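Before any comments, here is the structure.
The values are calculated or read from the model by the stated rules, or taken from the named source; none is laboratory data. Treat the numbers as computed from the prediction; the structure is a model and nothing was measured. Reconstructed Cβ throughout: ideal geometry from the backbone, glycine too, with neighbour counts over all protein chains shown. Protein only, heavy atoms only, side chains kept; ligands, DNA and RNA dropped before computing areas. Shrake-Rupley method; radii C 1.70, N 1.55, O 1.52, S 1.80 Å.
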Protein chains: 2
Amino acid sequence: MSGHDVPGGCYHLGILGGGQLGRMLIAEARLLDLRVAVLDPDPDAPCAALADRFWCGSLDDPAAISRLIDACAVTTWEIEHINIDAVSERVEHGAVVRPDPAVLRIVQDKAAQRRRFAEAGLPGPRWCEFPPGNVSTLAAFGFPAVQKLRWGGYDGRGVTTLHTTDTQQLPGPSILEELIAIEYELAVLVARALDGSVVCYDPVQMRFDPARNICTHVIAAPPQMSLIRPEIALEARRIAQAAVTALDGVGIFGVELFVEKGSTGRVLLNEVAPRPHNSGHYTIDACATSQFAQHLRAVLGLPLGSAEIFSPAVMVNLLGAGEPGPVAVDGLERALSVPGVTVHLYGKRRSVPGRKMGHLTALGTTPEEALERANRAAACIQIHGASASQSQGGHSG
Amino acid sequence: MSGHDVPGGCYHLGILGGGQLGRMLIAEARLLDLRVAVLDPDPDAPCAALADRFWCGSLDDPAAISRLIDACAVTTWEIEHINIDAVSERVEHGAVVRPDPAVLRIVQDKAAQRRRFAEAGLPGPRWCEFPPGNVSTLAAFGFPAVQKLRWGGYDGRGVTTLHTTDTQQLPGPSILEELIAIEYELAVLVARALDGSVVCYDPVQMRFDPARNICTHVIAAPPQMSLIRPEIALEARRIAQAAVTALDGVGIFGVELFVEKGSTGRVLLNEVAPRPHNSGHYTIDACATSQFAQHLRAVLGLPLGSAEIFSPAVMVNLLGAGEPGPVAVDGLERALSVPGVTVHLYGKRRSVPGRKMGHLTALGTTPEEALERANRAAACIQIHGASASQSQGGHSG
């Protein structure tokens, strides 16, 4: 595993996708002196300057995908939207890709994912397949019904709520789900090793901007201080571990769940992200093993590390604001003056309103203190597109 | 502070020296999307593959030093053996170098360092200057006397103990120090910001291989679990903070102290390293802010972070063993199977017996558990020079 020695290829690790998740994975790979190759269509991707080898190419292009996979001892992905057929073809020829592309094939299709979890007896919203425009299926399912496109939706895209058979529907193969009255959303990070052993992080609470349906806050804490009731946390861990095992996944997985409003307080499985997850960024600053170190251990066939959390922590995504343009960061110094705060910038060259440009983590003695610190620090820092003049001299503390 | 914006130069940070300390500093700089340039004489230095710009050149060469400093908004060093005159000359012309080279000039000269600390009223061993061969000075000082070369000694080199005027002496300007009966050695990491504010880490115990005089273990723990008595820890912190303030230092400093044997239990100042320090590597895994993140904050003029330690931790240096040659790592998988263990490899291309090739940190619920885990993990891992055949296929988990 040392730098000079790469069985089966030129690089220890290949990453399909060169975004911030890949960038944080490379940072961990450096600790083990691993050589990393990356494929991404954006020449300015966050990984471009950091990878030992960066190939600029489409994640849909079989030739580009083969070149990466064939040059690496182990390949993983940091984004779901890749050409699975091309990846599977290399695996059939003996290449090592973890998790297995079969996992991604299931997860990419919301119907297949729901079916797999139902077969495993895991609790989720009532659902059915919905061939586009099939009014009888819709009427039989009942209203309100949440229509989700089977493929390609994310961050609230590809989802709509149908109130009658006349409501405007999304085009394309879909599923219908009952509309859940959500008390709050949870995420559980699960790491699963080659030998099937599993390490599970403590459940965290995710808070969203309802307008943009983007996660704004992740609230993590040791069990004794958690905002999540113990019986809810226990059930969430049980479901999350079972879901990743049902997928036969290897690596780190972000499992999203709902807690239902009202007396029932049911914990329902929403969906699984087969990669490091936004809800797990706090682990870099607050846990014994970060989600990226954990993913690396799992895909390299190494033993998993401890998921112990040391401190309440709140993660806030730093989104681009103002005008699009060359990235400018204001208020970094003021943000870092808030106790317990760490700022992570992703090295994206252009700021676009709503784009994830970085995140910050605030530690505190309680979740409430961490939340207050995170909000105070986030209010200090502004990432935006710089005007030409700003981008010359621009950064102000 | 964002990647596109480098006031006054092409790079945010310059580092004189490209060893493991620089490498771990670069890892932290990535979190803030900083561009880093490095100067080191070794084309295979640990920083060579990671810096945005790596210049291969002598740390004694004024032209090479000027090129680095003039290309960077802020420059620091990770090794003391650099041409101070060349650095000072750039500072006189307005370049920003932190700490100030004046600090290094004092620290490089054991007589000047002792004098500065004595002027500040800090407790240390009795000492005097020792012009080479000056028998009357030696006789007047008394025996046993520890002779230390004023310049250039480290890791036990440049030090000898004189028992009579006839004992073989080291050539060159020296100091004499009383021989202290040492109960154990402490280190205190002190970070000092531009505004003079100071953050002090909890004192750690350093254990040495007496034969090679290399630090083998660093034992860190939260105060309530520390192996260091509270009154000793308090005194060590007081002395360490005063020493760094007496130097008017900016950045992170490793302050080494002795605890004297016997009833007195005096805490004596040994010496100060004006840079990240081997005794502080545990902070990467066990503290809210690593010594590298802290150094970065200080030299960039940002507010200091929290020095809180989350868990007992023991750091063990991983030294090259066996034959010299292309680096081969054995037993990584077994080492990582020990709970709470993280392995850090420095990316050195050649293993040389006794060379620092990496380190590991073990966390535990007590210092004793962390120590047991660290020793168990360190016994699993072997870093050595590979034979040609090994270096082709060699890494075995």
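What to note about this one:
- Near B:Gly301: Cβ cut-off under 14 Å, other residues only, Lys/Arg at +1 and Asp/Glu at -1. The net charge is +1.
- Averaging the sequence gap over all C-alpha pairs within less than 8 Å and six or more residues apart, then dividing by the number of residues, gives chain B a relative contact order of 13 percent.
- Label-to-label distance, A:Asp44 versus B:Asn213, with points set 7 angstrom from Cα along the beta-carbon direction: 5.4 nm.
- Relative to the other identical copies, B:Glu323 shows label-point distances of 6.4 nm, where the label point lies 7 Å from Cα along the Cβ direction and values run shortest first.
- Solvent-accessible heavy-atom area per residue, rounded to whole Å², over region B:182-392 at 1.4 Å: 33
- For region B:217-278: relative contact order, % (alpha-carbon pairs under 8 angstrom, 6 or more apart): 28
- Gyration tensor (alpha-carbon) shape descriptor, region A:11-97, a/c threshold 1.5: oblate
- Estimated FRET transfer efficiency when R0 is 45 angstrom, pair A:Gln224-B:Asp85 (beta carbons, to 0.05): 0.20
- Carbon and sulfur %, accessible surface of region A:182-392 computed with the full protein complex present, 1.4 Å: 53
- Axis between B and A by rotation; chain B residue with nearest Cβ and distance in whole Å recorded as B:Phe310, 2.
- Using a Förster distance of 60 Å, the FRET efficiency for A:Ala379-B:Glu372 (Cβ separation, nearest 0.05): 0.85
- Here the simple spin-label model places points 7 Å from the Cα toward Cβ, and for B:Ser387 and B:His93 these points are separated by 5.4 nm.
- Computed lengthening from A:Thr161 to A:Asp195, 0.36 nm per intervening residue step minus Cα-Cα distance: 8.1 nm
- Radius of gyration and Dmax over the Cα atoms of region B:68-138, both given in Å: 16.0, 51
- Computed helical MRE - 222 nm, chain B, DSSP H runs ≥ 4 contributing -39500 (n - 2.57), nearest 500: -8000 deg cm²/dmol
- Relative contact order (percent, whole number), region B:11-97, Cα cutoff 8 Å, 6+ residue spacing: 34
- Where B meets A: accessible area buried, both sides, 1.4 Å probe, Å²: 3500
- Carbon + sulfur, % of accessible area of region A:126-178 - ligands and nucleic acids excluded, 1.4 Å: 56
- Estimated distance in nm for a label pair at B:Thr137 and A:Arg115, the labels positioned 7 Å out from Cα along Cα-to-Cβ: 8.8
- Seen from B:Asp195, the other residues with C-beta closer than 14 Å to its C-beta sum to a net charge of +1, counting Lys and Arg as +1 and Asp and Glu as -1.
- FRET E, pair A:Glu231, A:Arg126, Förster distance 22 Å, beta-carbon r, rounded to 0.05: 0.45
- Take each residue in A:342-355, count the other chain C-beta atoms within 10 Å of its C-beta, and the mean is 3.
- Each copy carries a label point for B:Ile214 at 7 Å from Cα along the beta-carbon vector; from one copy to the others these points are 4.9 nm apart, nearest first.
- Label spacing, shortest first and in nm, from B:Pro62 to its equivalents in the remaining copies (7 angstrom along Cα→Cβ): 6.4
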